[in-house]
Amino acid sequence: MKEWQDIDLNNPKAVLKQALDLYHPRITLASSFGLEDVVLIDMVTSIRSDARIFSLDTGRLNEETYQCAEKIRNRYKTNIDWYFPQFDSIQKLERGKGLYSFRDSTENRKECCGLRKVEPLNRALQDMDAWITGQRREQSVTRAELKVIETDTSHGDITKINPLANWSSEDVWNYVREHKLSYNTLHHRGYSSIGCAPCTRAIKPDEDKRAGRWWWENPEHKECGLHTKEEDSK
Ligand code: SF4
């Protein structure tokens with residue numbers, strides 16, 4: 001990991017500025033076009049217009065997510081590096097197990113996430129020294145110990161930066177309103193988290209922020225393999 005200067009870890013833009021100074025062009029922002037991602041895209045593009053952004057097109061995204069992505073591409077005049085699953089693996093999965101095998105068991109769900117998300121993510125990160133995510137601590141029990149800067153042991157010990165780790169949902173919405181950002185219209189319909197259409201639903205006001213993901217599973221299992229446990233560093 002490169003040497004970070006003393007910075008205020010509660011200031012996402014300061015964290016991003018130093019991250020881009022240290023790692024660009026071998027740093028990329030992961031976006032699923034949820035609210036946190038549009039905040040981070042606004043911040044990184046204000047620091048560097050050529051900051052790298054990528055997204056995983058699983059083949060099962062909502063139409064609203066594509067519309068949001070396109071609005072962002074036009075607003076910031078930035079290209080999104082889309083990554084797709086391997087054609088052969090999806091063809092084999094759907095021919096063998098049908099279109100909704102992920103509903104049958106956690107094992108099948110993880111298989112689908114592995115093919116549609118984890119494998120493309122590995123390709124997106126293979127030439128990177130660092131990546132940026134919109135994860136926040138308050139989103140779920142699986143993210144309660146999240147650090148702003150971590151070592152990602154799942155991807156060759158590259159640096160993983162979660163600038164909004166300490167932000168509340170209210171902080172995110174305040175930034176969106178203050179900067180008049182375009183965002184995914186699924187948020188108007190009660191979605192707190194944006195993912196694949198068949199595996200994400202709206203939540204009630206008193207529910208966990210990720211309760212709408214794989215709602216048929218236990219909360220402890222609700223990660224898709226993109227964010228596995230890392231060693232702490234900061
Ligand atoms: S979220 Fe659902 S559809 Fe998307 S990759 Fe995972 S199991 Fe498959």
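The numbers here are math on the coordinates, done by the rules we state, and not lab data. Because the structure is a prediction, the values reported are computed rather than measured. Positions of Cβ are generated from backbone atoms using ideal geometry, with glycine treated the same way; all protein chains shown enter the neighbour counts.
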Exception for residue 122 within (1) surrounded by fewer than 17 Cβ atoms within 10 Å (Cβ to Cβ); (2) of a type outside the set (Phe, Trp, Tyr); (3) assigned to a helix (DSSP H, G or I); (4) away from the ligand (no atom under 16 Å from the Cβ) falls at (4)
Reported set for the stretch 131-183 where residues are of a type in the set (S, T, N, Q) and part of a helix (DSSP H, G or I) is 139, 142, 153, 154, 169, 174
Somewhere in the stretch 94-101, is a residue within 16 Å of the ligand (Cβ to nearest atom) and either closer than 30 Å to residue 49 by Cα or hydrophobic (A, V, I, L, M, F, W, C) (or both)? yes
Among (1) within 15 Å of the ligand (Cβ to nearest atom); (2) among the aliphatic types (A, V, I, L, M); (3) in a loop (DSSP other than H, G, I, E, B); (4) touching a residue at least 40 places away in the same chain (Cβ under 8 Å), residue 128 falls short only on (1)
